[in-house]
Every structure is written in structure tokens, then in C-alpha cells.
Amino acid sequence: AETRQLKVENTTLRQELQRRDRNASAQRPVGSSRAWTRVLEMVETVAPTDSTVLITGESGTGKEVLARWIHDLSPRAGNQFLSINCGALPESLLESELFGHVKGSFTGAVKDKTGLFAAAAKGTFFLDEIGETTPATQVKLLRVLQQREIIPVGGTEALPIDLRLVAATNRDLEDEIKRGSFRGDLYYRLNVIAIHLPPLRDRRDDVPLLAERFLARLGALRGEEPKRLAPSALEALQAYDWPGNVRELENAIERAMIMADGDTIEPSALPERVVARRAEPLVAERTFTNPTLDAVERAYILWVLQSEGGNKSKAAATLGIDASTLYRKLARYGVDG
């Protein structure tokens, strides 16, 4: 009994040392703002488990980066990390890629094919833009989560799988459930651990850190010393709202690296939209000098809604309120919700 206990303790110690080694060697996602730190603290808490994770946030906020970080900190880090964008493929091809298919199951299926779920054995699988899947695919994904098995397209025999699932979406899945385009049972299976990524405009203190990381990476790729940002260029980067989030920032830095003269990036090397001053007023001029609080709130809500292209979920996130609260306010102000 003592020998068995000692083996267990040795195994536990070895796993903990391996986890610490992974933590030290893996590249922690950049950011020190409070909003981002809270996200990383959550990741570091849930990563050692096998729980399913649902990452939400606007496009370009770094959902795949975070999914990889979850994998790197998990006991599955030595195995595969595979991913697929559910919105990039038609339904038939997506199902074949995920679940595999048997020979003759459809035109062009000239031999059996192993799906990505099976290929990710003992690893982590990242389903990006899961809100883009059809109800038929959602039924099959539910089986993966409930029974930990898959049936290849055209097959009849269920195959067991061992993987950790991380999903992501920029949609409000609760709204999609109300519309009937997303299954509630799948949502609750996915939403075991929910992590929301803040947009870059809510973590402006991280812009300099991210910019430095991108400059260093691009410099290394080109075999050059990384260029530095002039204070005025950095000020412009931090003042911009970044609707495309971290992805847009990375693209802006790459452009600036190319356009800059010398070793310093001036504002002139940045995209025009980043340095342009916004001239439009926040609230339209009114005939009275002291509007009521309700009038100001109504005008602001409508302005945000318009700036988000009428998307109420995005508008609610920008306003920092629940979508249900936004709907109530719109109804109170006589606006069609």
C-alpha cells in the first residue's frame, strides 16, 4: 500500500513539475490591464481541468490565442491542438472535416477519412465561430459533448473520442436560441466555463504592450531590429477605438513597419483612420440648452446603436448593459426593439 501511495505521489509531483515547465515556456497572452488580467486568471484556474470552455467576444479579440493558452496550460499540452472555423465551410464539408466519412458516403468519398475530432485524440479541439453552425451539425456536436463519441458521415458505428473542447463565438447565443437558430441544450453543454474577452477599446493600457510584441515579432520575421513608436504615434494608437480589435492593431503595426522611414514610427506611417480626428458630436445639437437626463440617455443609446450598425447585442456590450436592459430602455423611449 505504501509503495502504491508513493507511486501516486511521484506521478502527481511529476505532473505538477511538467505543468510548471509548460507555464514557464509557453508565451502568455500579452496584457496587464485589469480587464485582461481577470481573463488570464480565469484561464489559469480552469486550464488544468477537462471542462468545456465557451469563449465569447467581438471578432479580433484573440479567441484562438486564448484557446491555445488554455491548451498550453493543461495536462493535454503534449498532444495536438487542432481548430476549425465553423463559418468558413459549407455544412457538408464541415461535418466531413469534423467527424470523418466512410467510403462511398457521398460523391467524391473514394476512401475512408479520419475526422479532426479523432485526429485530436488526447488533445484540445477549438471550434471557432460555433454560432455559424446549422441545427443539423449542432445535433452531432451535442453527441460529442454528451456521449464523447462520433459517427462518421455515412457510418453507423459510434467511435469514442478523448479530447477537450473549446468553442468560441462573436454572436449572442442566447439571442440565437430565442430566434431558433441555435440549440439551447448545446449552448448549456458548451457554456460550462464562460470566458468573455473584452474589446481592445476597454483595455487601452494594453495597446503599447501589444504593439511592442507585434513590432518585435515582425522585426524577427524580417531579420531586422524592431522599430520603435514615436510618443505621438503611441498616443494615436491608444486614442483609437479599434473596431477590429487586436487583429486590426496587428495589421496597423505591420503597415507602419513598412511605411516608416528610419527606425521610428511616426503618426504619418499609421493608417489614416487611426490618426484622423473625429469631428462628429456625440449628441446632436438641440434647441434647448439643458436636456433632461432621459433625453441625453436616449440620444446616446441611439448613437451607439447606429454606430454598431443596428446590432443590439453589440450595442448592449458597448453600453455595458445586458441585452434585456437595452430592449427595455428602447421600449421605454418608444423605439422599435
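The values are calculated or read from the model by the stated rules, or taken from the named source; none is laboratory data. Since this is a predicted model, take the numbers as computed values, not measurements. Neighbour counts run over all protein chains shown; Cβ positions are idealised from the backbone, glycine included. Protein only, heavy atoms only, side chains kept; ligands, DNA and RNA dropped before computing areas. Shrake-Rupley method; radii C 1.70, N 1.55, O 1.52, S 1.80 Å.
What FRET efficiency, computed as 1/(1 + (r/R0)^6) with R0 = 45 Å and r the Cβ-Cβ distance, is obtained for Leu159 and Arg332, rounded to the nearest 0.05?
Once the sixth-power term is evaluated, E becomes 0.25.
Given the rule -39500 (n - 2.57) for each run of at least 4 DSSP H residues, summed and divided by the residues of the chain, what is its mean residue ellipticity at 222 nm, to the nearest 500 deg cm²/dmol?
Theoretical 222 nm ellipticity from helices: -14500 deg cm²/dmol.
Let a ≥ b ≥ c be the square roots of the eigenvalues of the Cα gyration tensor of the range 22-142; is it rounded (a/c under 1.5), or, if not, prolate (a/b larger than b/c) or oblate?
It comes out prolate by the Cα gyration axes.
Run the dipole for the range 107-226 about the Cα centre, Lys and Arg Cβ at +1, Asp and Glu Cβ at -1, nothing else charged, and hand back the magnitude in debye, nearest 20.
260 debye
Return one quarter of the surface area of the convex hull spanned by the alpha-carbon atoms of the chain, equal to its mean projected area, in nm².
Computed as one quarter of the Cα hull surface, the answer is 24.6 nm².
Keeping all protein chains in place, calculate the accessible area per residue for the chain (probe 1.4 angstrom), answer in Å².
55 Å²
Hey, what angle do you get for helix 135-147 against the long axis of the chain, alpha-carbon based, 0 to 90 degrees rounded to 10?
50 degrees
Ignoring ligands, DNA and RNA, what percent of the 1.4 Å accessible area of the chain is carbon and sulfur?
51 percent
Choose one answer from Gln138, Gln238, Gln147: the residue with the largest mean-square fluctuation in a GNM of the chain with alpha-carbon springs under 10 Å.
Gln147
So if I take the centroid of the Cα atoms in the range 37-99 and the same for the range 236-272, what is the distance between those two points in Å?
Cα centroid of the range 37-99 versus Cα centroid of the range 236-272: 28 Å apart.
Give the residue list of GluC sites (Glu not before Pro) in the range 125-165 that are DSSP loop and have at most 12 other beta-carbon atoms within 10 angstrom.
In loop regions of the range 125-165 (DSSP not H, G, I, E or B), the sparsely surrounded GluC sites (Glu not before Pro) are Glu157.
First select every other residue whose beta carbon is under 12 angstrom from the beta carbon of Ser83; then total the charges, Lys and Arg +1, Asp and Glu -1.
That sum, taken over residues with Cβ under 12 Å, equals -2.
What percent does the relative contact order of the chain come to when contacts are Cα pairs within less than 8 Å and at least six residues apart?
Relative contact order here is 17 percent.
Just want the answer: with Cβ charges of +1 for Lys and Arg and -1 for Asp and Glu, which residue in Leu94, Trp303, Asn251 is farthest toward the dipole's positive end in the chain?
Selected residue: Leu94.
What does the charge dipole of the chain about its Cα centre add up to, to the nearest 20 debye, if the Cβ of each Lys and Arg holds +1 and the Cβ of each Asp and Glu holds -1?
Approximately 620 debye in magnitude.
Note the per residue figure in Å³ for the convex hull of the C-alpha positions in the range 131-238.
Normalising the Cα hull of the range 131-238 by residue number yields 178 Å³.
What accessible area, in Å² to the nearest ten, does a 1.4 Å probe give for Met259?
Met259 exposes around 100 Å² with every protein chain in place.
In terms of modelled amide H atoms, which long-range or inter-chain residues lie less than 5 Å from the amide H of Ile150?
Leu159, Ile161
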